[in-house]
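Please read the structure below before turning to the comments.
The values are calculated or read from the model by the stated rules, or taken from the named source; none is laboratory data. Keep in mind the model is a prediction, meaning the values are calculated, not measured. Note: ideal-geometry Cβ built from the backbone for every residue, glycine included; neighbour counts use all protein chains shown. Remember, those area values only see protein heavy atoms, side chains included, never the ligands or the DNA or RNA. Shrake-Rupley method; radii C 1.70, N 1.55, O 1.52, S 1.80 Å.
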Amino acid sequence: MNEYKNILHKYWGYDDFRGIQADIIQSIGERRDTLGLMPTGGGKSITFQIPALSMPGTCIVVTPLIALMKDQVQNLRRRGISACCVYSGMTRQDIIAALENCILGDIKFLYVSPERLGSSLFLAKLPRINVSFITVDEAHCISQWGYDFRPSYLQIAEIRKYKPDAPILALTATATPDVVIDIQDKLSFRERNVFKMSFERKNLVYVVRNAEDKEGELIHILHSVKGSAIVYARSRTHTKEYAEMLEGEGISATYYHAGLDNSTKDSRQEEWSKGEKRVMVATNAFGMGIDKPDVRLVVHVDCPNSLEEYFQEAGRAGRDGERAYAVLLFASADKRMLLNRIGTTYPEKEYIRKVYESLAYFYQIGVGSGRGHTFEFNINKFCTNFHFFPTNVESALNILTQSGYIDYRPDDYGAPRIKFLLSREDLYRLYNNPADEDAVITAILRLYGNLFADYGFVDESYIAEAAGLSKEETHTVLKALSRKHIIHFIPRSKYPYLTYTMEREDADKIIIPPEVYEKRKEQFERRLNFVIRYVVNGGECRSKQLLSYFGETKADECGHCDVCVANNKQTSRSEIAEVQKKILSLLADEKEYETAKLRELGIPDSLLMPALSRLLAEERIEIDGANVKLC
């Protein structure tokens with residue numbers, strides 16, 4: 001352990017580990033398959049970075065977010081540690097260079113997206129890389145009963161065939177007992193080996209608030225709790241509507257969802273991260289990998305589909321350890337709407353087959369043909385023609401995708417596509433091209449992989465930045481190159497794409513496997529019922545309910561959630577009232593007071609937190625970061 005502590009001090013400046021970090025490091029250092037469960041902000045990255053630096057070879061880190069892997073690579077390089085990453089969007093030459101450097105032993109950390117693990121190029125190079133161990137971040141994504149997130153996560157264990165002696169370290173901040181077992185099974189652990197910290201967040205106040213007027217309640221909450229905030233809504237349309245409403249109320253806000261182009265998402269995230277926008281209104285596409293410690297408030301205006309989802313999103317508040325709030329707004333109609341999601345998300349199989357058959361009529365695809373063909377999918381036109389509802393059709397298409405018949409990509413949302421019509425050699429023979437066309441061609445070749453063999457999705461804003469042109473100039477150049485038959489450019493469409501991955505079948509021959517339908521539907525319904533139980537159970541501490549769901553059955557009451565404040569069994573109303581008077585008296589003299597100083601006065605949390613919560617609810621105080629002040 002001393003060697004590990006020396007590395008920690010040398011590169012990070014700390015003298016000792018926190019929580020279960022040392023246990024996880026010791027376990028993977030002994031080359032044992034290891035699962036680490038650590039809450040958000042618990043220091044997961046240290047648990048693989050330290051042992052990897054002590055071992056010969058390269059640590060392969062599987063992580064789902066490109067932005068996150070880029071940040072970690074940059075952070076490691078700033079510390080003088082060699083690291084690189086491989087992801088979609090890199091040129092073939094850059095990928096080969098990165099993998100060859102790993103083979104030569106020059107790289108300690110290779111970050112890889114799960115989709116790249118199965119690529120022929122990666123698998124060709126992998127046997128020659130000396131792999132110390134494999135780290136799987138966000139490991140809950142592996143569990144098919146946990147999240148329908150990234151199917152490629154289910155294939156990670158396949159690379160163990162190439163490196164049977166390399167142990168696996170799986171890390172996550174959210175997993176139920178069933179998911180803990182499933183992760184180990186899916187990764188082919190040689191033995192059960194789990195280290196777990198408590199998921200309890202003592203600084204985070206969980207609140208469920210009945211609110212028929214959600215807009216009014218949201219405004220009230222944002223006026224009461226100062227500081228950076230995230231507001232989660234379930235639909236893309238609602239994110240825009242809520243953001244515009246908040247702006248109209250004088251509350252600085254922007255919005256974020258998967259349908260925005262990458263440059264817009266990046267700029268909005270940066271605005272919020274820097275505090276230029278106070279509130280980010282977003283779908284669940286926002287948040288994973290966000291490193292903003294001073295979020296004081298997370299509000300859900302719509303109920304999530306699972307407590308896993310809620311816990312992850314609520315946990316983005318208060319990562320700095322200071323008081324923060326997670327508020328779930330619940331209206332009388334929400335329970336019915338939650339239960340309706342079961343039939344909407346998992347329509348009857350005959351309905352799914354009918355959608356599949358209607359697609360064939362829509363695109364004029366005959367039985368035995370269609371494989372590899374890609375089409376724009378105008379869902380409104382399709383639903384009008386065949387009398388379907390869009391939400392049910394979306395679900396049917398997702399199930400058909402999971403069953404292997406089609407590939408439906410709603411999140412690409414009509415992203416532009418490019419294919420080179422000239423060979424690479426012919427491309428290099430071009431001369432007397434306008435400078436802006438040469439700049440765009442060079443940018444495409446540098447940013448994207450093999451667009452000579454097939455169409456690839458591209459981001460015009462990234463091409464523009466690489467070419468030194470405006471987005472409008474780049475679009476004009478792309479159209480000009482297409483007219484010259486140098487490329488085939490399919491501009492951004494307002495519709496997503498749909499591809500047939502198998503020849504069209506007769507509808508009655510469509511097989512929807514139980515693991516795609518019945519088992520997932522059963523688990524989906526179970527997760528929704530846990531959400532409903534959490535919302536309506538006003539008799540048990542919110543924190544205890546959440547911790548019990550994740551297997552912590554002996555947790556104490558938090559003392560400051562809405563339930564504890566209303567039904568505090570350990571303290572009397574008169575004691576809390578006395579503390580309220582004391583706080584108001586202090587604020588009358590000081591105008592503003594640090595919460596930490598209130599504790600120094602000898603006021604226990606069991607009295608202080610309920611007193612602050614009641615004063616906040618009565619709009620007599622405001623909490624701004626770590627400070628309390630009068631309204």
Taking R0 as 56 Å, what FRET efficiency do you get between Asn378 and Asp23 from their Cβ-Cβ distance, rounded to the nearest 0.05? 0.55
When the distances between all Cα atoms of segment 1-143 are binned every 10 Å from zero, what whole-number percent does each bin get? 11, 43, 36, 10, 0
Please tell me the relative contact order of segment 138-266 in percent, rounded to the nearest whole number, where contacts are Cα pairs under 8 Å and at least six residues apart. 17
Of Asp508, Asp106, which has the most accessible area and how do the rest follow, probe 1.4 Å? Asp508, Asp106
Would you calculate the separation in nanometres between label points at Thr476 and Asn203, each defined as 7 Å from the Cα along the Cα-to-beta-carbon direction? 5.2
Mind sorting out which of [x] 20, 57, 22, 0; [y] 17, 44, 28, 10, 0; [z] 16, 48, 31, 4, 0 is the real P(r) over Cα pairs in 20 Å bins from 0, in percent computed from the coordinates? [z]
D for segment 278-409, whole µm²/s, Stokes-Einstein with Kirkwood Rh over alpha-carbon pairs at 20 °C and 1.002 mPa s: what number? 120
Assuming 0.36 nm per residue, please report the length gained on full extension of the stretch Arg32 to Ala331 beyond their Cα-Cα distance. 102.8 nm
Roughly how many Å² is the accessible area per residue of segment 507-606, as a whole number, for a 1.4 Å probe? 56
Two pseudo-spin positions, 7 Å from Cα along C-beta at Asp266 and at Glu191, lie apart in nanometres by 4.7
Taking 7 Å along the Cα-to-C-beta vector as the label spot, tell me the Arg573-Asp294 distance in nanometres, rounded to one decimal. 3.9
Which FRET efficiency value, to the nearest 0.05, is calculated for Phe386 and Glu600 with the Förster distance at 51 angstrom and r the Cβ-Cβ distance? 0.15
Not counting ligands, DNA or RNA, and with a 1.4 Å probe, what is Lys471's accessible surface area in Å² rounded to the nearest 10? 90
Using 0.36 nm per residue, how much length does the chain from Ala285 to Asp94 gain when fully extended, once their Cα-Cα distance is taken away? 65.9 nm
Antiparallel DSSP beta bridges within the chain, percent to nearest 5: 30
For the chain, give the percent of accessible area contributed by carbon and sulfur heavy atoms, probe 1.4 Å, rounded to a whole number. 47
Alpha-carbon centroids, segment 65-107 and segment 284-340: separation in whole Å: 33
Report the accessible area of Asp15, computed with a 1.4 Å probe over the heavy atoms of all protein chains in place, in Å² rounded to the nearest 10. 120
Tell me which residues come under 5 Å, amide H to amide H, from Cys85 once H is placed; ignore anything under 5 positions away on its chain. Tyr111
Alpha-carbon gyration tensor eigenvalues x 5, square-rooted, for segment 26-67, Å: 18, 15, 10
Hey, with R₀ at 25 Å, roughly what FRET efficiency would Asp165 and Arg78 work out to, going by the Cβ-Cβ distance, to 0.05? 0.20
Through the Karplus equation 6.51 cos²θ - 1.76 cosθ + 1.60, θ set to phi - 60°, convert the phi angles of segment 163-170 into ³J(HN,Hα) values in whole Hz; use x for Gly and Pro. 9, x, 8, 7, x, 10, 10, 9
Solvent-accessible area of Glu247 with every protein chain in place, 1.4 Å probe, in Å² to the nearest 10: 80
Be a star and scan segment 493-530 for residues whose amide nitrogen sits under 19 Å from the point 7 Å along the Cα-to-Cβ vector of Ser369. 498-507
Beyond 29 Å (Cα-Cα) in this structure, taken from Lys240/Lys335; Lys70/Lys125; Lys125/Lys479; Lys354/Lys419, we find Lys125/Lys479; Lys354/Lys419
Segment Asp178-Asn529, length gained on full extension (0.36 nm per residue, minus Cα span): 124.7 nm
